[in-house]
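Below you'll find the structure, written out as C-alpha cells, and then a few comments.
The values are calculated or read from the model by the stated rules, or taken from the named source; none is laboratory data. Remember, predicted model here, so these are calculated numbers, not experimental data. Quick reminder, even Gly has a Cβ in these numbers, built from the backbone with ideal geometry, and neighbours come from all protein chains shown. Just the protein is used for accessible areas: all its heavy atoms, side chains included, with ligands, DNA and RNA removed. Shrake-Rupley method; radii C 1.70, N 1.55, O 1.52, S 1.80 Å.
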Amino acid sequence: MAPLWVAGEVSNLTLARSGHVYFTLKDAQAQVRCVMFRSRAQLIDWAPREGMQVEVRALVTLYEPRGDFQLNVEYMRRAGLGALYEAFVRLRDRLATEGLFDEAIKRPLPPCPRTIGVVTSARRSRAARRADHARAAQPVGRGARLSDRGAGRGAPAEIVAALGRAARRAECDVLLLCRGGGSIEDLWAFNDERVARAVRACPIPVVVGVGHESDVTIADLAADRRAPTPTAAAELASPSRVELLERIAAFRGRLRRRLARELETRMQLLDHLSRRIVHPGRRLQAQAALLEQLTARFARASAHAVERERWRVVALAERARRALPRVAPARRARRCARRAPAARGGGTRRPVRCAFAPGCGRARAARPAGGARARLRDRARRRRSRGARQRGARGRRPARDLVRARPRRGARRGQVLSGARRGCPHRRRGCLARFGLLESRVPKAKPRRPHMEHKLPALPYAMDALRPHVSKETFEYHYGKHHQAYVTNLNNLIKGTEFESLALEDIVRKAPAGGVFNNAAQVWNHTFFWNSMKPGGGGQAGGALGAAIGKKWGGFDAFKDAFAKSAVGNFGSGWTWLVKKADGSVDIANTSNAGTPLTTSDKPLLTIDVWEHAYYIDYRNARPKFVETFLASLANWDFASANFG
C-alpha cells in the first residue's frame with residue numbers, strides 16, 4: 001500500500017534504548033499501534049510527548065511474530081495538544097496554585113511500619129501481585145488490602161472511598177495506592193481532582209505507584225511519596241532487610257565497643273580504689289615490717305656508734321700515754337724516787353730502773369743494804385701477801401696482769417702482758433694510773449658470722465617463652481620488679497641478725513611473723529611459681545602423681561574443676577597449692593599473702609599466684625580466665641611429679 005497520512009493523539013509513548021519510538025495513535029473512535037525506527041526518529045528536531053496531537057506519514061505493515069497490525073512511521077509533525085492532556089495541565093496548574101503539591105506539607109514515611117495497606121484493584125492485576133510480593137519480602141508486621149475498581153468511570157469514587165475506609169480503620173502505618181501500566185485513558189482515574197484531595201486529606205502517609213516510570217498523574221503529585229512502579233512503592237514503604245541487618249550489626253558493634261570501654265574504665269577505677277583501700281591486717285603487717293626494719297637499723301647504728309666511741313677513747317688514751325713522757329720526764333722521775341721505799345738504818349743505796357715508766361730509768365734511788373735490807377724485804381713480803389688477799393677478795397687482778405699502755409711489737413690488742421719487775425715501785429696500781437700508764441682492757445671482738453646475700457633466681461625459660469598466655473611485659477613487671485623487690489628487702493632486713501647466714505628455706509621456717517618472714521616467703525613462693533609453669537605445659541599428670549590425683553578426686557577433670565574453684569574463690573591476694581600430705585595423699589590448699597606450705601607438714605607440688613599483678617596486664621583482672629589458661633596450657637606437671645617423688 002502507498003504511504004498514508006494519519007492524525008491522532010500520541011499515547012503509550014516508549015523511547016527505547018535502541019533509539020526506536022513506540023507509541024499508540026488514537027482519536028475518539030479508534031487507535032492503532034505505531035513504530036518509528038531510529039533512522040527516521042533522528043530526522044525530527046523535537047521530542048514527542050504523551051498526549052500530543054500529531055500527523056504522521058506511515059506505511060501499513062504487519063508484525064508477523066505476533067500478527068499485529070501497525071503503522072511504520074516515516075515522518076511526524078505536530079498538530080496541537082490533545083484534549084486529555086490539556087485537561088491534565090489545567091488541573092495540575094490549579095492545584096499547584098492552591099499549594100496542594102507543596103513539599104512542606106508532605107509527611108515522612110515511618111522507618112519500620114508494622115502494617116502496610118494496599119489500595120488496588122480487586123481483580124488482582126499483575127501490578128497488584130508485584131506490590132504484594134515486594135511487600136511480603138520486606139520485614140514488616142502484616143498487610144491489609146483495600147479494593148477499588150482501578151479504572152473506568154466509577155474508579156475515582158471507589159479510590160476515594162477506599163482511602164476513607166483506611167483512615168477510619170486506622171490500622172495501617174502507611175498506604176500504597178497502586179495500579180499497573182496502561183494508556184492515559186486507563187490511568188485517567190488517578191488524574192481526578194477528588195482522588196488528589198482524598199490523598200492529601202488522608203491522615204495516613206500515602207505512597208502512589210501508578211503505571212510505569214514515564215506515567216505521571218495528579219495523584220503522584222499529591223502523594224507524600226511517588227514511586228515509578230507498584231514494586232518500587234512497596235520498597236519505599238518498608239525498609240530493606242539487608243539495610244536493617246547492616247544497621248543492627250553496626251549498632252551491635254558500637255554497643256560492644258562502648259561496653260568494652262565502659263568496662264575497662266570501671267575496672268581501672270576499681271583497681272585504683274582497691275589500691276587506696278587497704279585491708280587493716282595488711283596495713284598492720286606493713287607497719288610491723290617497717291618497725292622491724294627501723295629497729296634493726298637503730299640497733300646497727302647504736303652498735304656502730306658505741307664501737308666507734310670506744311676506739312676513739314682508746315686512741316686518745318694511747319696518744320696521752322705517748323705524749324706524757326716528753327712533757328715532764330724529770331718530774332715523774334722525782335715523783336718515782338720519792339715513792340721508792342727508803343732504807344731504815346744507814347745502808348748504802350743502789351739505783352734501780354723501772355720497767356714501766358721511761359722517766360724512772362734516769363732516776364737514782366738508793367737501795368738499802370745490810371740488816372735494813374732484810375727488814376725491808378720481810379716487810380714487803382708481808383705487804384704483798386696482805387694485798388693479794390685483799391685484791392682476791394675484791395676480784396682485782398695483781399699488778400703484773402695489768403695491760404700495758406703500749407703493747408710489745410707483735411702483740412694483739414687486748415692481750416694480757418707481764419707486769420713490772422718485783423721491787424719496782426710502779427707495780428702498784430695507783431702509781432701506774434697516776435702516771436697514765438694504766439689502760440682499760442679492750443675486749444676482743446666477736447667473730448662475725450659470714451653474711452649470705454640472696455640473689456634473684458634466674459627464670460627457667462625466656463621472658464617471652466610463655467606467649468601468648470603470659471606476655472614479656474608481665475614478666476618484666478612481676479619478675480623483674482616485684483620479685484626483685486622482695487629479694488632486696490630480705491637482704492636489707494637480715495643484715496646483723498641471726499638470719500644473715502641461713503639459707504632461704506631455713507629463714508622461712510625459723511623467722512617469726514613480720515618483715516623477714518614476709519619477704520623470704522615471697523621470694524621462695526615466686527621462685528616455686530615460675531617453675532610451676534613451662535612452655536607447652538598443661539595436659540594431665542602421669543605416674544604416681546596422676547594416680548594419687550585420681551584416687552583423691554576420681555578423675556583429672558574433677559581435680560581441675562576443684563583446683564579452679566579453689567583458686568578463683570581464694571579471697572584477696574594469695575596462693576593456691578597442690579600439696580602432698582604426710583600420709584602420701586594429695587590435696588588443695590589456699591594461703592593468703594606470704595603464706596607457704598613450708599611452715600606446715602605439707603610438701604608443695606605445684607602452685608598458682610592469684611595476686612592481681614600475675615594476670616592484670618594479660619587478662620585485665622579476669623582471674624577465672626587466667627586459672628583456666630594455667631591448667632590448660634601452662635602447668636608444669638613434670639615439675640610437680642618430681643616434687644611428688
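Considering each residue of region 471-486, count those that are surrounded by 14 or more Cβ atoms within 10 Å (Cβ to Cβ), within 19 Å of the chain's Cα centre (by Cα) and farther than 17 Å from Pro460 by Cβ, and give that number.
3
Being in contact with a strand residue (DSSP E or B) (Cβ under 9 Å, 6 or more places away or on another chain) and acidic (Asp, Glu) is the filter here; which residues of region 229-252 pass it?
From region 229-252, those in contact with a strand residue (DSSP E or B) (Cβ under 9 Å, 6 or more places away or on another chain) are 229-238; that's our starting set.
Of everything in region 229-252, just one residue is in contact with a strand residue (DSSP E or B) (Cβ under 9 Å, 6 or more places away or on another chain) and acidic (Asp, Glu), namely Glu235.
Quickly run through region 569-595 and pick out the residues that are within 21 Å of Pro280 (Cα to Cα) and not small (Gly, Ala, Ser). Before you say what the answer is, go through the steps one by one.
Filtering region 569-595 for residues within 21 Å of Pro280 (Cα to Cα) gives 569-575, 590-595.
Asn570, Phe571, Trp575, Asn590, Thr591, Asn593 - these are the residues of region 569-595 that are within 21 Å of Pro280 (Cα to Cα) and not small (Gly, Ala, Ser).
Taking region 532-564, which residues are surrounded by 14 or more Cβ atoms within 10 Å (Cβ to Cβ), part of a helix (DSSP H, G or I) and of a type in the set (D, E, K, R)?
Across region 532-564, the qualifying residues are Lys552, Lys560.
Enumerate the pairs (first residue in region 2-28 and open to solvent by 70 Å² or more (accessible area, probe 1.4 Å); second residue anywhere and assigned to a loop (DSSP other than H, G, I, E, B)) with beta-carbon separation below 7 Å, excluding pairs fewer than 6 apart on the same chain, so at least 6 apart or on different chains.
Close Cβ pairs satisfying both conditions: Tyr22/Ala16.
Could you please let me know if Pro203 is open to solvent by 20 Å² or more (accessible area, probe 1.4 Å), out of contact with any Phe, Trp or Tyr (no Cβ under 6 Å at 6 or more places or on another chain) and at pLDDT 90 or above?
Values: open to solvent by 20 Å² or more (accessible area, probe 1.4 Å): yes; out of contact with any Phe, Trp or Tyr (no Cβ under 6 Å at 6 or more places or on another chain): yes; at pLDDT 90 or above: yes.
Considered against the rule, which asks whether it is open to solvent by 20 Å² or more (accessible area, probe 1.4 Å), out of contact with any Phe, Trp or Tyr (no Cβ under 6 Å at 6 or more places or on another chain) and at pLDDT 90 or above, Pro203 comes out as yes.
Give region 596-632 a look and list any residue that's at pLDDT 90 or above, under 21 Å from the mean Cα position of the chain (by Cα) and not aliphatic (A, V, I, L, M), or say none.
Correct list: Asp609, Pro624, Lys625, Phe626, Glu628, Thr629, Phe630.
What are the pairs with Cβ atoms under 8 angstrom where one residue, in region 618-645, is without any contact (Cβ under 8 Å) to a residue 24 or more places away in the chain and the other, located anywhere, is β-branched (Val, Ile, Thr)? Sequence gap at least six, or different chains.
The qualifying pairs are Tyr619/Thr629.
Return the residue satisfying two criteria in turn: it lies in region 65-79 and is surrounded by 12 or more Cβ atoms within 10 Å (Cβ to Cβ) and more than 14 Å from Val32 (Cα to Cα), and of such residues it is modelled with the lowest pLDDT.
Within region 65-79, the match that is modelled with the lowest pLDDT is Ala79.
Could you count how many residues in region 264-290 are open to solvent by 70 Å² or more (accessible area, probe 1.4 Å) and outside any helix (DSSP H, G or I)?
2
Looking only at residues that are more than 14 Å from Arg78 (Cβ to Cβ) and touching a strand residue (DSSP E or B) at 6+ places or on another chain (Cβ under 9 Å) in region 44-64, which one is surrounded by the most Cβ atoms within 10 Å (Cβ to Cβ)? Talk me through it step by step, then tell me what you get.
Our first condition is that a residue be more than 14 Å from Arg78 (Cβ to Cβ); within region 44-64, this holds for 58-64.
Applying the additional criterion that residues be touching a strand residue (DSSP E or B) at 6+ places or on another chain (Cβ under 9 Å) yields 58-63.
Details: Ala58: 22, Leu59: 13, Val60: 14, Thr61: 13, Leu62: 9, Tyr63: 12.
Here the answer is Ala58.
Does any residue of region 487-494 turn out to be closer than 21 Å to Thr591 by Cα, open to solvent by less than 40 Å² (accessible area, probe 1.4 Å) and within 37 Å of the chain's Cα centre (by Cα)? Let's see the steps before the verdict.
In the first step, residues of region 487-494 are kept if they are closer than 21 Å to Thr591 by Cα; the result is 487, 490.
Imposing the further condition that a residue be open to solvent by less than 40 Å² (accessible area, probe 1.4 Å) reduces the set to 487, 490.
If we keep only those that are within 37 Å of the chain's Cα centre (by Cα) as well, we get 487, 490.
Looking through region 487-494, at least one residue is closer than 21 Å to Thr591 by Cα, open to solvent by less than 40 Å² (accessible area, probe 1.4 Å) and within 37 Å of the chain's Cα centre (by Cα).
How many residues are at negative phi and not in a helix (DSSP H, G or I) when one looks only at region 619-645?
So the first thing to find is which residues in region 619-645 are at negative phi, and the list is 619, 622-644.
Next, only the ones that are not in a helix (DSSP H, G or I) stay: 622, 635-636.
Residues in region 619-645 being at negative phi and not in a helix (DSSP H, G or I): 3 in total.
Conditions tested, residue by residue: (1) assigned to a helix (DSSP H, G or I); (2) touching a His at 6+ places or on another chain (Cβ under 6 Å); (3) modelled with pLDDT of 90 or more; (4) open to solvent by 30 Å² or more (accessible area, probe 1.4 Å).
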residue: Glu185; (1), (2), (3), (4): no, no, no, yes
residue: Phe190; (1), (2), (3), (4): yes, no, no, no
residue: Ala196; (1), (2), (3), (4): yes, no, yes, no
residue: Val207; (1), (2), (3), (4): no, no, yes, no
residue: Leu236; (1), (2), (3), (4): yes, no, no, yes
residue: Ala250; (1), (2), (3), (4): yes, no, yes, yes
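Please go through (1) over 27 Å from Leu294 (Cβ atoms); (2) part of a loop (DSSP other than H, G, I, E, B); (3) open to solvent by less than 30 Å² (accessible area, probe 1.4 Å) for Pro468 and return the number of the only condition it doesn't satisfy.
Unmet condition: (3).
Limited to region 492-526, what total is found for residues that are in contact (Cβ under 8 Å) with a residue 12 or more places away in the chain, of a type outside the set (S, T, N, Q) and assigned to a helix (DSSP H, G or I)?
Qualifying residue count for the region: 14.
Here is a check on your reading of the model: is Leu84 under 27 Å from Val210 (Cβ atoms) and in contact with a strand residue (DSSP E or B) (Cβ under 9 Å, 6 or more places away or on another chain)? Walk me through how you get there before you give the answer.
On the way: under 27 Å from Val210 (Cβ atoms): yes; in contact with a strand residue (DSSP E or B) (Cβ under 9 Å, 6 or more places away or on another chain): yes.
Against the criterion (under 27 Å from Val210 (Cβ atoms) and in contact with a strand residue (DSSP E or B) (Cβ under 9 Å, 6 or more places away or on another chain)), Leu84 qualifies.
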